[in-house]
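One structure is given here, and the rest of the page talks about it.
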Amino acid sequence: MRARCDGVDVAWFEAGRGDPLVLIHGLADDHRAWRRALPDLMLRHRVVLYDLRGHGETSLGTPDGTLGQLGRDLVALLDALDVQRADVAGFSLGGTIAMRAAIDRPDRVRGLVLVATSSRVGRAAAEWYRQRVEMVERGAPRLRETLDRDTADVYAESPAELEEGLLIRRQSTADPRGYANACAAMAALNAAPLDPELERITAPTLIVASDKDKHCPPRAAEIIAAGIKGSRLELVEGAGHPIPVEKPRELAISINSFLAEIRPGPTGPSGHLPINGEDLGPGPSPSAAFGGTSP
């Protein structure tokens, strides 16, 4: 399906029924990054997946290389689908976009799930992103080889998944300009990290990290957890960076349990549940982060 959102033709997909849950993929991927976790999630939610600006089957429009624009793209899609508030889960780059949207538009994000992501990038990571922007801009002949090598690095802990990962990423970045746009947005997190703004996130938040993730290690998740009041951090063991592919069932169970827990209901004096032992109230009102690549 397609939705016209602020000059961009957004490819979006829907499965299941229930309260809306929007899934945001990572850099160079498309909506299929969530393919393994979808069956369990769609049993309990109206799951909406979409391709980011310039990724997959979504057009590029007029990109400005900022997370702010990518966050506004999410809100524009919610508007197009007539969804006032939704739970939002973002993987890697998708997690930074989800945080940006939750900061800028707390009235639109009901619950937040951040998977294998970071709120900052180190100097080495920023340079990594800038190099790839430059390769796209000058049409470097070795760009495709570089992107394939990056994909192999992402799937280092799960080489059996590499073939499908390459298929998706080659298709999603057939026109690499959207990839470069997202790389520019991520590079900017070195000079202007999200850390100082995390306290503005009011949505109940689950943060999921994995012990073998070299791109967004557990320390990156700990920094986010320290910044978002009342957030919960869960560690997945035995997985690398692409948790939705490597540990889909475990991830879906965590997401489903968390979102069920934060549903309004007669669970206490104020009709809601505490997160990390802290009463959050009735809900929100109307690589590596230190040198990895956070792909």
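Residues in the stretch 213-260 that are more than 24 Å from residue 162 (Cβ to Cβ), assigned to a loop (DSSP other than H, G, I, E, B) and either among the hydroxyl-bearing types (Ser, Thr, Tyr) or touching a helix residue (DSSP H, G or I) at 6+ places or on another chain (Cβ under 8 Å) (or both): 228, 229, 231.
Return yes or no: is residue 140 open to solvent by less than 20 Å² (accessible area, probe 1.4 Å) and on the phi < 0 side of the Ramachandran plot? The answer is yes for residue 140. Number of residues in the stretch 172-181 that are more than 29 Å from residue 211 (Cβ to Cβ), in a helix (DSSP H, G or I) and open to solvent by less than 50 Å² (accessible area, probe 1.4 Å): the value is 3. Against the test of being open to solvent by less than 40 Å² (accessible area, probe 1.4 Å), more than 21 Å from residue 27 (Cβ to Cβ) and polar (S, T, N, Q), the options 231, 210 yield a single qualifying residue, 231. Within the stretch 148-171, residues that are buried (at least 16 other Cβ atoms within 10 Å of the Cβ) sit with their Cβ atoms under 6 Å from residues that are among the basic types (Lys, Arg), at 6+ positions apart or across chains, in these pairs: 151/169; 157/212; 168/32.
Scanning the stretch 8-47 for residues that are farther than 25 Å from residue 155 by Cα and open to solvent by less than 40 Å² (accessible area, probe 1.4 Å) yields 8, 10, 11, 12, 15, 16, 20, 21, 45, 47. The residues in the stretch 124-165 that are under 26 Å from residue 66 (Cα atoms), assigned to a loop (DSSP other than H, G, I, E, B) and in contact with a helix residue (DSSP H, G or I) (Cβ under 8 Å, 6 or more places away or on another chain) can be counted, and the count is 2. Listed conditions (1) more than 28 Å from residue 148 (Cβ to Cβ); (2) touching a helix residue (DSSP H, G or I) at 6+ places or on another chain (Cβ under 6 Å); (3) assigned to a helix (DSSP H, G or I); (4) open to solvent by 40 Å² or more (accessible area, probe 1.4 Å) are all met by residue 74, apart from (4). Whenever a residue of the stretch 243-260 is farther than 15 Å from residue 117 by Cβ and at pLDDT 95 or above, its partners that are hydrophobic (A, V, I, L, M, F, W, C) and part of a helix (DSSP H, G or I), lying with C-beta atoms within less than 6 angstrom and at least six residues away or across chains, give the pairs 252/41.
The values are calculated or read from the model by the stated rules, or taken from the named source; none is laboratory data. Keep in mind the model is a prediction, meaning the values are calculated, not measured. Neighbour counts run over all protein chains shown; Cβ positions are idealised from the backbone, glycine included. Each accessible area value is taken on the protein alone, full model and side chains, heavy atoms only, with ligands, DNA and RNA left out. Shrake-Rupley method; radii C 1.70, N 1.55, O 1.52, S 1.80 Å.
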